[in-house]
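In what follows, a single structure is set out as structure tokens and then discussed.
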Amino acid sequence: MWENITENAERILDRVAQAERVCGLSKGSVTLIAASKQNGYEAVRSAFRGGIRNFGENRVQEMEEKLKANAYEGASLHFIGHLQKNKAKNVVGKAELIHSVDTPELLRLISKIAGNLGITQRVLLEVNIGGEQSKSGISPERVPELLDVAETLPYVRVEGLMAIPPAGDVKKTKYYFEKMYKIYVDIRAKKYDNSIMRILSMGMSADFEEAIMSGANTVRVGTAIFGTRTYNNG
Ligand SMILES: *Cc1c(COP(=O)(O)O)cnc(C)c1O
């Protein structure tokens with residue numbers, strides 16, 4: 001089982017490299033994040049052996065357990081799930097990049113905690129691109145409002161946008177990817193203090209190649225590396 005994860009990781013890295021070539025991008029310009037939720041220490045280390053250098057977690061407690069076990073040693077840690085305010089202190093300074101900021105309050109809190117730690121926390125704004133009630137994220141129209149808030153906060157730096165498009169066929173997903181890319185480019189053309197639009201995080205196991213074709217430079221892949229999620233421990 002662990003060998004499979006290592007091989008899957010190698011294969012997905014190859015597919016990312018192939019998509020880079022097809023798009024005329026230089027090698028390594030797309031970051032592959034292995035979404036390792038519900039996969040334990042051994043699974044994470046197996047993916048590392050396959051070349052994975054970025055891991056994404058969506059549950060704070062699970063992330064803390066794996067951190068304690070040094071599961072991510074030699075790699076970068078990303079927080080990709082919904083972050084509750086009362087858990088922010090457990091993530092700031094631990095995750096290199098928090099992908100899922102979607103309220104001014106959370107942004108302010110992250111800056112406050114980071115300031116106390118003497119660091120600057122890198123974050124992305126999560127955009128609810130499909131306007132789905134059930135999902136977190138801000139509407140595209142509210143992105144400038146959060147960037148205005150970020151201008152007043154010295155200890156956060158907004159580095160881009162993240163999205164999880166509505167579930168659907170590839171054609172529909174591609175429509176949302178392209179919509180996200182357009183928003184990203186429009187915002188990038190404007191200048192905000194404490195923000196540099198350089199990361200567009202979208203695409204998962206079923207559609208990461210389409211996401212890259214549409215302009216994503218960070219993709220988050222779980223199942224295609226770790227297999228179907230039933231807790232893989234070690
Ligand atoms: C789990 C997860 C992924 C990966 O999903 P797969 O379909 O398993 O590749 C990507 N992004 C987020 C935010 C996730 O929670």
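Laboratory data are not the source of any read-out in this text; all were calculated from the coordinates shown. From a predicted model like this one, the values you see are computed outputs, not experimental measurements. Don't worry about glycine lacking a Cβ; one is built from the backbone with ideal geometry, like all the others, and counts go over all protein chains shown.
Would you mind checking K112/K172; K27/K85; K94/K135; K27/K94; K135/K191 for any pair whose Cα atoms are more than 30 angstrom apart?
Numbers: K112/K172 39 Å; K27/K85 37 Å; K94/K135 25 Å; K27/K94 28 Å; K135/K191 28 Å.
Over 30 Å Cα-Cα: K112/K172; K27/K85.
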>> 5 Å is the cut-off here: which amide hydrogens, built 1.01 Å from N in the peptide plane, fall below it relative to G56, excluding neighbours closer than 5 in sequence?
In response: A34, A35, S36, H78
> Pick from A167, A150, A88: which residue has the top mean-square fluctuation in a GNM of the chain where Cα pairs under 10 Å get a spring?
Replying inline: A167
> Mind checking which of N90, N116, N217 has the largest fluctuation in a GNM of the chain, springs on alpha carbons under 10 Å?
Replying inline: N116
> Based on the alpha carbon coordinates of the chain, what radius of gyration and maximum Cα-Cα distance (Dmax) apply, in Å?
Replying inline: 17.0, 48
>> Show me the three semi-axes of the equivalent ellipsoid for region 1-116, from the C-alpha gyration tensor (sqrt of 5 times each eigenvalue), largest first, rounded to whole Å.
In response: 28, 19, 10
> For the residue pair S76 and R59, what label-to-label distance in nm results when each label sits 7 Å from Cα along the Cα-to-beta-carbon direction?
Replying inline: 2.6 nm
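Sum up the charges of everything whose Cβ sits under 9 Å from the Cβ of G203, counting Lys and Arg as +1 and Asp and Glu as -1, but leave G203 out. Spell out each step's value before the answer.
Values: positive: R220; negative: D207, E209, E210.
Net charge in that neighbourhood comes out at -2.
Over the chain, what is the percentage of antiparallel beta bridges among all DSSP beta bridges, to the nearest 5? Don't skip to the answer; put the middle values down first.
Working: 0 of 30 bridges.
Antiparallel: roughly 0 percent of the beta bridges in the chain.
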>> Once you place label points 7 Å from the Cα toward the Cβ at E151 and L67, how far apart are they in nm?
In response: 3.2 nm
> Semi-axes of the equivalent ellipsoid of region 126-229: what are they in whole Å, largest first, if each equals the square root of 5 times a C-alpha gyration tensor eigenvalue?
Replying inline: 25, 14, 13
> If you project the alpha carbons of region 114-169 onto the principal axes, what extent comes out on each, in Å, largest first?
Replying inline: 44, 19, 17
>> Take D14 and S134, extend 7 Å from each Cα along the Cα→Cβ direction, and tell me the distance between the two endpoints in nm.
In response: 3.5 nm
